[in-house]
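J.: After the structure tokens below, expect a handful of questions from me.
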Amino acid sequence: MGPPGVDTQEHAAQVAAKYRLINLDVDQLCKDWIRRRVDDDYATELRFKIIDGEQIPDDFVMNLVKQRLSMPDCKTNGWILQGAPTSDEQIEYLK
């Protein structure tokens, strides 16, 4: 949505509000999933990856995004996605 240094979150929020789209921030989606699963070992592992600055596995992120995009509000209203996907392989996975 712009060159490095542009506040993409602000731009995404403005576009989503203007066109009444669902604003999906992949980082926030992952953090919310982890927060809801307090007793889950995999969620704990992912939490430590985030704390240590490591990347969350692509397959986890893509599955989470695919699940969220299949929800009725995204299908009805449309959506704007920030944070992923970045490669052709990841984009193909969402189809």
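J.: Could you give me the ³J(HN,Hα) list for the stretch 42-53, computed from phi with Karplus coefficients 6.51, -1.76, 1.60 and θ = phi - 60°, whole Hz, x at Gly and Pro?
T.: So the J values, rounded to whole Hz, are 5, 5, 5, 4, 5, 4, 5, 4, 5, 4, 7, x.
J.: Residue by residue through the stretch 58-68, what is 3J(HN,Hα) from phi via Karplus (6.51 cos²θ - 1.76 cosθ + 1.60, θ = phi - 60°)? Round to whole Hz and write x for glycine and proline.
T.: 4, 4, 5, 4, 5, 5, 5, 5, 4, 4, 5
J.: Rank by packing, highest mean first: peptides 56-66, 40-50, with packing defined as the count of other Cβ atoms within 10 Å averaged across residues.
T.: The most tightly packed comes first, giving 56-66, 40-50.
J.: Taking the Kirkwood radius as the inverse of the mean 1/r across Cα pairs, report the Rg/Rh of the stretch 9-94.
T.: Rg/Rh: 0.99.
Read-outs: derived from the displayed coordinates by stated rules, not from any lab. Computed from a predicted model, the values in this text were never measured in an experiment. Cβ coordinates were reconstructed from backbone atoms using ideal geometry, including for glycine residues, and neighbour counts include every protein chain displayed.
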